[in-house]
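**Student:** One structure, pasted below without further comment.
Nothing in this text is a laboratory measurement; each read-out follows from the coordinates by a stated rule. Since the structure is predicted, the reported quantities are computational estimates derived from the model, not experimental observations. Neighbour counts run over all protein chains shown; Cβ positions are idealised from the backbone, glycine included.
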Amino acid sequence: MSEYTVTRADIIDAVYKEIGLSRTESALIVETILTHITTTLIKGEEVKLSGFGVFDIRVKQPRMGRNPKTGRDVPISARRVLRFRASNILKNRVNGALTKE
Amino acid sequence: MLKSDLIEKLELENPHLSPAECERVVAIFFESITQTLEAGARVELRGFGSFTPRRRKARAARNPKTGESITIPEKFVPFFRTAKALAKKIDNFSKT
């Protein structure tokens, strides 16, 4: 597997090259996409991106956990977590590309 | 929020861009992530989270109807980990 990590800069570059917006404008619009997704999720609403996947908020009940180092019981309070479920299209593409025949 | 809602928001905020251009920007965004995962690499979006391909080992399973045992081959799945900063914002919202 490749060691290279893709970041915002690479996505901005793709927008710049394929759409022909300026780099500044490309950066701004990519940031806006992320902002819209995060503000929607923070409100507790789900984000459904057809062909990619669904981001939603799960409400977790409080439970007892254990510190694996000390063996001590620690209470884990109720919390809200973000979950991503990949669409079948994304799952099939990733599995198809990485599974060797 | 659906992908179409996201595109609509971008259109409203960027009147100088055509609806088709806004749609393409969104498509490029998710296609970049998908292609990176297909290449076996990782995508890290600071403050949001990271996407990585993960290997699931081959395992033995059983057809619950027939009781027949089968081997599920190794597979690769897309995995998302929420950034600490975003996880905090999402969790704190319910507590305020």
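**Student:** Could you work out the mean count of beta carbons from other protein chains within 10 Å of each residue's beta carbon in B:42-52?
**Tutor:** Mean partner-chain Cβ count within 10 Å for B:42-52: 5.
**Student:** Something else: For chain A, what's the relative contact order in percent, using C-alpha pairs closer than 8 Å and at least 6 residues apart?
**Tutor:** 18
**Student:** Here's another thing I want to ask about it. Does the stretch B:42-83 come out rounded, prolate or oblate by the C-alpha gyration tensor, with a ≥ b ≥ c the root eigenvalues, rounded set by a/c under 1.5 and, if not, prolate when a/b is larger than b/c and oblate if not?
**Tutor:** prolate
**Student:** What is the Cα radius of gyration of the stretch A:10-53 over 2.2 N^0.38 Å, N being its residue count?
**Tutor:** Against the compact-globule rule of thumb, the ratio is 1.35.
**Student:** Based on the Cβ-Cβ distance of residue A:69 and residue A:39, what FRET efficiency does E = 1/(1 + (r/R0)^6) give at R0 = 30 Å, to the nearest 0.05?
**Tutor:** E(calc), rounded to 0.05, equals 0.20.
**Student:** I need the trypsin sites (Lys or Arg not before Pro) found in the stretch A:12-80, filtered to DSSP loop residues with at most 12 other beta carbons within 10 Å of theirs.
**Tutor:** When the trypsin sites (Lys or Arg not before Pro) of the stretch A:12-80 are filtered for loop state and at most 12 Cβ neighbours within 10 Å, A:43, A:69, A:72 remain.
**Student:** To continue, here is another question. Taking beta carbons within 10 Å but only from partner chains, what does the mean come to for residues B:60-73?
**Tutor:** Taking all residues of B:60-73 together, the mean is 0.
**Student:** Please report, in debye to the nearest 20, how large the charge dipole of the protein assembly as shown is about its Cα centre when each Lys and Arg carries +1 at its beta carbon and each Asp and Glu carries -1 there.
**Tutor:** Once rounded to the nearest 20, the dipole reads 1680 debye.
**Student:** Does the protein assembly as shown come out rounded, prolate or oblate, given a ≥ b ≥ c as the square roots of the eigenvalues of its C-alpha gyration tensor, rounded meaning a/c under 1.5 and, failing that, prolate meaning a/b above b/c?
**Tutor:** Oblate.
**Student:** Pairs of Cα atoms under 8 Å, at least six residues apart: use those to get the relative contact order of chain B, whole percent.
**Tutor:** 20
**Student:** Let me know the Kirkwood hydrodynamic radius for chain A, please, with Cα pairs as the basis and the value in Å to one decimal.
**Tutor:** One over the average 1/r among Cα pairs gives 17.3 Å for chain A.
**Student:** Across the residues of B:6-14, average count of Cβ atoms on other protein chains within 10 Å?
**Tutor:** Mean shielding count: 3.
**Student:** When you take every Cα atom in chain B, what is the radius of gyration, and what is Dmax, the widest Cα pair distance, in Å?
**Tutor:** Here Rg and the maximum Cα pair distance are 19.6, 61 Å.
**Student:** So how strong a dipole does the stretch A:27-101 carry about its Cα centre when Lys and Arg Cβ are +1 and Asp and Glu Cβ are -1, to the nearest 20 debye?
**Tutor:** Dipole about the Cα centre, nearest 20: 460 debye.
**Student:** Between exposed GluC sites (Glu not before Pro) in chain B, where DSSP calls loop and at most 14 other Cβ atoms lie within 10 Å, what's the longest gap?
**Tutor:** Maximal segment without exposed cleavage sites: B:1-67.
**Student:** Please return the longest range in chain B lying between exposed loop sites, taking trypsin sites (Lys or Arg not before Pro), DSSP loop only, at most 12 other beta-carbon atoms within 10 Å, and leaving the sites out.
**Tutor:** With a cap of 12 other Cβ atoms within 10 Å, the longest stretch comes to B:1-45.
**Student:** Next question, about the same structure. The stretch A:42-96: D in µm²/s via Stokes-Einstein (Kirkwood Rh, Cα pairs, 20 °C, 1.002 mPa s)?
**Tutor:** 156
**Student:** So for chain B, taking the charge dipole from beta-carbon charges (+1 Lys/Arg, -1 Asp/Glu), which of B:61, B:83, B:50 sits furthest toward the positive end?
**Tutor:** Of the options given, the answer is B:61.
**Student:** Placing +1 at every Lys and Arg Cβ and -1 at every Asp and Glu Cβ, with all other atoms neutral, what dipole size does the stretch A:1-54 have around its Cα centre, in debye to the nearest 20?
**Tutor:** I would put it at about 100 debye.
**Student:** In a shell of Cβ-Cβ distance under 12 Å around residue B:13, excluding residue B:13 itself, what net charge do Lys and Arg (+1) and Asp and Glu (-1) give?
**Tutor:** Net charge around residue B:13: -3.
**Student:** Got a sec? How would B:4, A:22 order by Cβ neighbour count within 10 Å, fewest to most?
**Tutor:** Lowest to highest Cβ neighbour count: A:22, B:4.
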